[in-house]
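Engineer: Before I ask anything, here is the structure I am working with.
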Amino acid sequence: MRHIHRAHHARRTRRTRRIHGAAGAHRVRTHRDQGFRRAALSTALAAVAALLTFLTPQTAVSAAAPAPRLGECAAGELCLWERADFKGPRRTHELADTDIESCVPLPRGASAASLANRTGRPVTAYQSAECAGTGEFDTYPSGSWAPRTDYRVRAVKIWES
């Protein structure tokens with residue numbers, strides 16, 4: 001059977017616990033030992049927290065998979081690539097040769113899987129070749145780079161603003 005005696009000293013920082021076992025042996029643990037353990041644990045937790053702060057989700061994602069290389073697209077152009085990640089043949093449209101707010105279908109049988117909008121205006125990409133709202137469509141603000149569209153783009157519309 002075990003019983004615990006607590007010895008209180010004038011200085012509270014030196015509190016001890018004496019534990020007597022069945023064999024009569026005893027050991028003494030001070031509260032300072034527990035304080036040292038707590039300090040070591042809090043230091044380790046602070047180091048882990050600092051590391052997690054440094055590795056933000058953005059950093060963790062970019063460390064896991066490299067970002068796709070952006071395709072070549074000059075300022076003032078809308079660029080469309082046949083394949084994802086800006087690969088394959090590239091088609092370009094400029095404001096000088098494109099009617100604003102008009103549906104511009106890609107040539108028959110052609111489609112795009114990635115795009116870059118550097119026109120300075122919003123661009124809507126349509127799954128339908130007629131710019132119909134029956135298929136999928138998304139509007140990309142100027143400065144957008146989309147390495148993968150959610151659908152095959154078959155027509156575009158450049159907006160005034």
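Engineer: Taking 0.36 nm per residue of separation and subtracting the Cα-Cα distance, what length does fully extending Glu130 through Ser102 add?
Structural biologist: My answer for the length gained is 9.0 nm.
Engineer: Could you rank the peptides 73-83, 92-102 by their average count of other C-beta atoms within 10 Å per residue, with the highest value first?
Structural biologist: 73-83, 92-102
Engineer: Measure off 7 Å from each Cα along the Cα-to-Cβ vector at Thr92 and Arg121, then give the distance between these two points in nanometres to one decimal.
Structural biologist: 1.8 nm
Engineer: Another question, then. Suppose each label sits 7 Å from its Cα in the direction of the beta carbon; what would the Glu160-Ala110 distance come out to in nanometres?
Structural biologist: In this crude spin-label approximation the distance works out to 2.8 nm.
Values quoted throughout were computed directly from the atomic coordinates according to the rules given, and no laboratory measurement underlies them. Here the structure is a predicted model, which means the values were calculated and not measured. As a convention, Cβ positions derive from the backbone with ideal geometry for all residues, glycine included, and neighbour counts pool all protein chains shown.
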